[in-house]
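Quick notes on the structure that follows.
The values are calculated or read from the model by the stated rules, or taken from the named source; none is laboratory data. Small disclaimer: the values here were computed from a predicted structure and weren't measured. FYI the Cβ positions are ideal-geometry reconstructions off the backbone, even for glycines, and counts take in every protein chain you see. Heavy atoms of the whole protein, side chains included, go into the accessibility calculation; ligands, DNA and RNA do not. Shrake-Rupley method; radii C 1.70, N 1.55, O 1.52, S 1.80 Å.
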Amino acid sequence: MTFEELNLTRPLLNALEDLGYVKPTTIQEKGFSVIMSGKDVVGIAQTGTGKTFAYLLPCLRQWAFSKEKNPQILILVPTRELVMQVVEEIQKLTKYMDVVVGGVYGGTNINTQKELVHKGLDVLVATPGRLIDLALSGVLKLKSIKKLVIDEVDEMLNLGFRPQLTHVMEYLPAKRQNLLFSATITDEVGGFIDSYFNNPVKIEAAPMGTPLENITQIGYRVPNFNTKVNLLEFLLTQDQEMKKVLVFTSTKESADLLYEKGCLLFPDQVGVIHSNKAQNHRFNSVRQFQNGTYRILIATDLVARGIDISEVTHVLNFDTPDVAENYIHRIGRTGRADKKGEARTFITEKEEKKIATIETLMKFKIKISPLPKEVKISDVLIEEEKPKIKMKIVEPKVRKKEETGGGAFHEKSDKNKKTNNKIHRAEALKIKYNKPKSARGKKR
Ligand code: AMP
């Protein structure tokens, strides 16, 4: 099926042509007529399947110009990054239309956003918290909303937005079409749908937990962090196909540590993004990765969802994610919209268990490749890999009664006798090693 065969308007077709998109993806094809019918829809789709256009195309097809100043289409997303991204996608699609779109999200000045809303909007993209603040301020009126889209609802609930979401639902007019997209339908998502949706039609991009078929998945068994760094260096130096590489770590700390190493190995080619980085830094890093300034972007799972970075050639899981579903989200960053992609996962012994859970979820076994022989195996451990020294609690010797010189004239009653039972760490080390040592065992 081509876009021409869908019942789209000329301005939309022209915009799609400019983008170079010819064929609708599975979710776009499945979703179009159901959404056009006006029914409530639940779409099970990960990012990378074309889900954003799957709801935008029918919504914009049905949008009719009016003098109405209040938004008619409301799109709720979990993160600021996703607000920016969806706004951009709408702008691309409405290049030949007269649609005014705006995005609002928390963590920035609300007054500028009040002005934006006050000027009048047709489509509003928002994070739930900021939307409520704007509605409470009286500037934003939601009475004209005809279509509500909740994107990545699973992530929204994971982030604890349930109260805000419920609050938003109370503000909306009863007569409206509800569309919801989620990578997985957890019990919580199911409960939400039951409460607010009216006999929704389910559409699916790919069966749940199935890896996207056009992504090659390979695993390497690696003993520790520093060997992972060596492997990363080897792959990035050897493989010329690694042009746009997204590297995932599971913590901010290891993202920062890897970034330091990456800057030394590949100066000016590496960016880093995680939740401790300021908003501006996050936008800039993503932008520089997107436009090719950075070849490598190190990220935590914050960007595994939502952020549309096109044409990522490789996803490298430097660490295996703790939550199995995040693996699927991560690798979904490559192989987007039916392009080929590659995912490589670095697996330590400790991470094997997580891999097993991921494989069960995907019903797919990740092929293990031997570690290339050029990769140096390091035995230098980072702080958190070092075995923790267990301290023996050494009880202080209790002196025998005779040694104290026998019964004193005024014997203290037992409860009034104060003995210092604390044993200082330095002293304990002294006992353990039989010589004085500083607490960290470092020479000073
Ligand atoms: P999404 O799953 O919505 O995050 O979309 C993933 C990427 O695919 C985005 O960069 C879209 O612009 C792109 N895309 C969406 N629909 C199509 C299509 N029909 N053909 C090619 N690329 C598409």
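Please verify whether segment 62-69 includes one or more residues that are open to solvent by less than 50 Å² (accessible area, probe 1.4 Å), more than 26 Å from the chain's Cα centre (by Cα), at pLDDT below 95 and more than 13 Å from the ligand (Cβ to nearest atom). For segment 62-69, residues open to solvent by less than 50 Å² (accessible area, probe 1.4 Å), more than 26 Å from the chain's Cα centre (by Cα), at pLDDT below 95 and more than 13 Å from the ligand (Cβ to nearest atom): present.
Here's the yes/no breakdown for (1) more than 23 Å from I193 (Cβ to Cβ); (2) in contact (Cβ under 8 Å) with a residue 24 or more places away in the chain; (3) crowded, with 16+ Cβ neighbours inside 10 Å:
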site: G20; (1), (2), (3): yes, no, no
site: T49; (1), (2), (3): no, yes, yes
site: C59; (1), (2), (3): no, yes, yes
site: T94; (1), (2), (3): yes, yes, yes
site: T108; (1), (2), (3): yes, yes, no
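Does segment 277-296 contain at least one residue that is more than 30 Å from T25 (Cα to Cα) and part of a loop (DSSP other than H, G, I, E, B)? Yes - at least one qualifying residue is present in segment 277-296. Identify all residues within segment 20-49 that are in contact with a strand residue (DSSP E or B) (Cβ under 7 Å, 6 or more places away or on another chain), more than 9 Å from the ligand (Cβ to nearest atom) and not basic (K, R); write none if there are none. Result: G31, V34, I35, G38, D40, V41, V42, G43, I44. Can you find a residue in segment 201-212 that is of a type in the set (S, T, N, Q) and under 30 Å from S37 (Cα atoms)? So far as segment 201-212 goes, yes, one or more of its residues are of a type in the set (S, T, N, Q) and under 30 Å from S37 (Cα atoms). Among the residues here, V153 qualifies as on the phi < 0 side of the Ramachandran plot, touching a strand residue (DSSP E or B) at 6+ places or on another chain (Cβ under 6 Å) and open to solvent by less than 10 Å² (accessible area, probe 1.4 Å). Inside segment 239-251, can you point out the residues that are open to solvent by 50 Å² or more (accessible area, probe 1.4 Å) and either more than 21 Å from I347 (Cβ to Cβ) or free of Cβ contacts under 8 Å to residues at least 24 places away in the same chain (or both)? Once the filter is applied, which keeps residues that are open to solvent by 50 Å² or more (accessible area, probe 1.4 Å) and either more than 21 Å from I347 (Cβ to Cβ) or free of Cβ contacts under 8 Å to residues at least 24 places away in the same chain (or both), segment 239-251 yields Q240, E241, K243. Restricting segment 339-361 to residues that are part of a helix (DSSP H, G or I) and among the polar types (S, T, N, Q), the residue that is modelled with the lowest pLDDT is T360. Quick one: would you say S195 is open to solvent by 10 Å² or more (accessible area, probe 1.4 Å), hydroxyl-bearing (S, T, Y) and outside any loop (DSSP other than H, G, I, E, B)? Criteria met by S195.
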